[in-house]
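Okay, so here's the structure we're looking at.
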């Protein structure tokens, strides 16, 4: 399968390395020139407890040079999705699929408006990953990906993508309800990301303090009320307990938003806590805690 990974950061680079190792025709595309030049000259280094690996991969800053792929993996930050989608107009063919497992809610709509919803496969990932510097990525030791068609059908193309990723050693699952999947993951991000970015705690350390536990309860419960008002059904009977379980199972992890703040980079807060605020306003549901966290994160971004 000819695959283009748009966004060769922590997750995009990781998935690209898996697929490349399994013999797929993979090209990474990224606008970070130093990162791209490092991979071109010395390879992409994946650092794991089980041992480091170096991958000699195709990578470019010029998407128009990669040709027409069978699959585009959209792995940019959510605030770059629209621009990345428009860049992809130069390479998509009639049968090109677009897979997004990005954080937050809203990417599907953005990609659909630019490239067409009929192309999209969507889902979530349980992999954690950190980009240490140009050409160096440190992922979690385990993880999985769950994807599905937007209408819930099991199609040959969905099965093809699942088989391709499974063949690369990635634990794969299929969902017939992408909305439930993405909103369940959204609650995890809502309950962890902004709080860890503000407090500089690890995911699990949020559970070590009564104050952050209470804040987590408040922010997630606002999200649950909004989701229920939208008619979203979660994958877990108790979404708040699921958030706690994920925080505990990733105890020492730094959330992606905390990593962004530490690097002085823009965050995806508008697509996470900001989603709860926007959807709450549409539905007449008050979301004051999510609004405060969103404003605090955006203030910290400006300070940095």
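Some values worked out for this structure:
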| quantity | calculated |
| --- | --- |
| Within the range 38-62, tally of residues that are in a loop (DSSP other than H, G, I, E, B), under 15 Å from residue 9 (Cα atoms) and within 23 Å of the chain's Cα centre (by Cα) | 3 |
| Enumerated strands (runs of 3 or more DSSP E) restricted to the range 123-213, each holding at least 2 residues that are without any contact (Cβ under 8 Å) to a residue 60 or more places away in the chain | 144-149, 171-174 |
| Selected residue [surrounded by 20 or more Cβ atoms within 10 Å (Cβ to Cβ) and in contact with a strand residue (DSSP E or B) (Cβ under 9 Å, 6 or more places away or on another chain)] from 17, 78 | 17 |
| Selection status of residue 98, in contact (Cβ under 8 Å) with a residue 12 or more places away in the chain, crowded, with 17+ Cβ neighbours inside 10 Å and assigned to a loop (DSSP other than H, G, I, E, B) | no |
| Test set (1) over 16 Å from the mean Cα position of the chain (by Cα); (2) farther than 25 Å from residue 36 by Cα; (3) not assigned by TED's automatic domain parsing to the domain that holds residue 255 - residue 210 fails condition number | (3) |
| Any hit, the range 64-79, residues being farther than 14 Å from residue 108 by Cα and assigned to a helix (DSSP H, G or I) | yes |
| Unmet requirement for residue 282, which otherwise passes all of (1) free of Cβ contacts under 8 Å to residues at least 12 places away in the same chain; (2) closer than 18 Å to residue 184 by Cα | (2) |
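One line per residue, one yes/no per condition, for (1) within 21 Å of residue 80 (Cα to Cα); (2) part of a helix (DSSP H, G or I); (3) in contact with a helix residue (DSSP H, G or I) (Cβ under 9 Å, 6 or more places away or on another chain):
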| position | (1), (2), (3) |
| --- | --- |
| 224 | no, yes, yes |
| 251 | no, no, yes |
| 274 | yes, yes, yes |
| 286 | no, no, yes |
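The values are calculated or read from the model by the stated rules, or taken from the named source; none is laboratory data. Since this is a predicted model, take the numbers as computed values, not measurements. Reconstructed Cβ throughout: ideal geometry from the backbone, glycine too, with neighbour counts over all protein chains shown.
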